[in-house]
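Participant: Pasting a structure here, questions to come.
The values are calculated or read from the model by the stated rules, or taken from the named source; none is laboratory data. Predicted model only: the values in this text are computed from it and were never measured. Note that each Cβ is placed from the backbone with ideal geometry, even for glycine, and that neighbours are counted across all protein chains shown. Side chains are part of the model used for accessible areas, which takes the heavy atoms of the whole protein and leaves out ligands, DNA and RNA. Shrake-Rupley method; radii C 1.70, N 1.55, O 1.52, S 1.80 Å.
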Amino acid sequence: QVQLVESGGGLVQAGDSLRLSCAASEGTFIGYSMAWFRQAPGQERELVGTITWPNERTDYADTVKGRFTISRDTAKNVMYLYMNSLKAEEAAVYYCAADVLSFQLRAGTPRYWGQGTQVTVSS
């Protein structure tokens, strides 16, 4: 079991950068593939990107490819989402998630979720 806590959200201007963190308050990242999702008001939850255990391969939604980067430090049990050139339409609650089965992340049904962190982008 792993408990996830996101941090780093806030208010930025369009074009700015922001780094989100996802830490394990309980458990370890060892053995888990993980992902970042986001959900804007009135919209469906969207998969932003994944990082897969054990090869640490990262994959991204086309909408963020080249601007967002996922990394993690399994020794510290922290995952990061680096977001560059943020757009106003990317304002959302960002969630991290984890599952031992990477396909569950792609399916949008991972077992473990964080509580989310709000990112607001002003235009």
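Participant: What is the distance, in nm, between label points placed 7 Å from the Cα along the Cα-to-Cβ direction at ARG45 and at TRP113?
Facilitator: 0.3 nm
Participant: Can you give me the % of accessible surface on the chain that is carbon or sulfur? Probe 1.4 Å, all protein chains present, nothing else counted.
Facilitator: Carbon plus sulfur share of accessible area: 47 percent.
Participant: From Cα pairs below 8 angstrom and at least 6 apart in sequence, can you work out the relative contact order of the chain, rounded to a whole percent?
Facilitator: With pairs under 8 Å counted, the relative contact order is 36 percent.
Participant: Nothing charged except the Cβ atoms of Lys and Arg (+1) and of Asp and Glu (-1): what's the magnitude of the dipole of segment 5-123 about its Cα centre? Round to the nearest 20 debye.
Facilitator: Computed charge dipole of segment 5-123: roughly 120 debye.
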